[in-house]
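Q: The structure that follows is given in the form of structure tokens.
The values are calculated or read from the model by the stated rules, or taken from the named source; none is laboratory data. None of the values given here were measured: they were computed from a predicted structure. Glycine gets a Cβ as well: all are built from the backbone with ideal geometry, and neighbour counts include every protein chain shown.
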Amino acid sequence: MNRIILRYGLLSALIICILMIGNMMLLRNGLSYYIAEILGFLGMFLGFSLIYFAVKKLRDEQLKGIISFAQCFQAGLAIVAMATAIYMITWVLYVQFSDFNFTTLYFETESKKIMADKTLNAAEKIKSVAQLSEDIKKMSSLPVQAGIAFFEIFPVGLVISLIVSFILRKK
């Protein structure tokens, strides 16, 4: 069981991280922030789709075709944990050591959105941009970046693990 989980966990992480770095390169070259978000979540979905194949292989080859919901979910969660940890490390290293400043891009994108919001008056816009600036300063710390990366990817994997567990459980 451990070999299957390890193999698929690493492969899932590899797919997700390669697509994330590619996405960052596209962002750097002018890709819309919103399109990049969609591509990022599609990359996570693609990487985590391997949970299905891992659990199926585990069920069919090692558990003689019988697997409980809990066993499915445990295997899926192990893959998600591995991919999440590797994604977090990759994200933090990329942001720390590349010349790409994600927080600046995020600030610029969100500031434009605030300034274009017709429901806010000028004072509210200034206050919102100032608050965003404070939030950006907090986002620069390593623990906050790691936390953001965790909450970006882990819920996606958790949901996919639950779905796969419902589909592949067999008594």
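Q: Identify all residues within the range 24-52 that are within 13 Å of Thr90 (Cα to Cα) and among the polar types (S, T, N, Q); write none if there are none.
A: Once the filter is applied, which keeps residues that are within 13 Å of Thr90 (Cα to Cα) and among the polar types (S, T, N, Q), the range 24-52 yields nothing.
Q: Still on this structure, please answer the following. State all residues of the range 125-171 that are of a type in the set (Lys, Arg), outside any loop (DSSP other than H, G, I, E, B) and either farther than 30 Å from Met115 by Cα or within 24 Å of the chain's Cα centre (by Cα) (or both); if no residue qualifies, say none.
A: Correct list: Lys137, Lys138, Lys170.
Q: Related question: Test of understanding: among Ile86, Ile114, Ile79, which residue is without any contact (Cβ under 8 Å) to a residue 40 or more places away in the chain and either assigned to a helix (DSSP H, G or I) or farther than 21 Å from Phe45 by Cα (or both)?
A: Selected residue: Ile114, the only one of Ile86, Ile114, Ile79 that is without any contact (Cβ under 8 Å) to a residue 40 or more places away in the chain and either assigned to a helix (DSSP H, G or I) or farther than 21 Å from Phe45 by Cα (or both).
Q: Count, please, the residues in the range 60-73 that happen to be surrounded by 18 or more Cβ atoms within 10 Å (Cβ to Cβ) and in a helix (DSSP H, G or I).
A: Counting residues in the range 60-73 that are surrounded by 18 or more Cβ atoms within 10 Å (Cβ to Cβ) and in a helix (DSSP H, G or I) gives 3.
Q: Let me ask you something else. Is it the case that Ile148 is at pLDDT 90 or above and either surrounded by 12 or more Cβ atoms within 10 Å (Cβ to Cβ) or among the basic types (Lys, Arg) (or both)?
A: Answer is no for this residue.
Q: Continuing with the same structure: Can you spot a residue in the range 90-107 that is in a helix (DSSP H, G or I) and more than 19 Å from Leu27 (Cβ to Cβ)?
A: no
Q: Another one. Within the range 43-65, can one find any residue that is under 19 Å from Ile160 (Cα atoms) and without any contact (Cβ under 8 Å) to a residue 12 or more places away in the chain?
A: no
Q: For Ser49, state whether it is farther than 15 Å from Ile15 by Cα, modelled with pLDDT of 85 or more, exposed (fewer than 15 other Cβ atoms within 10 Å of the Cβ) and hydroxyl-bearing (Ser, Thr, Tyr).
A: no
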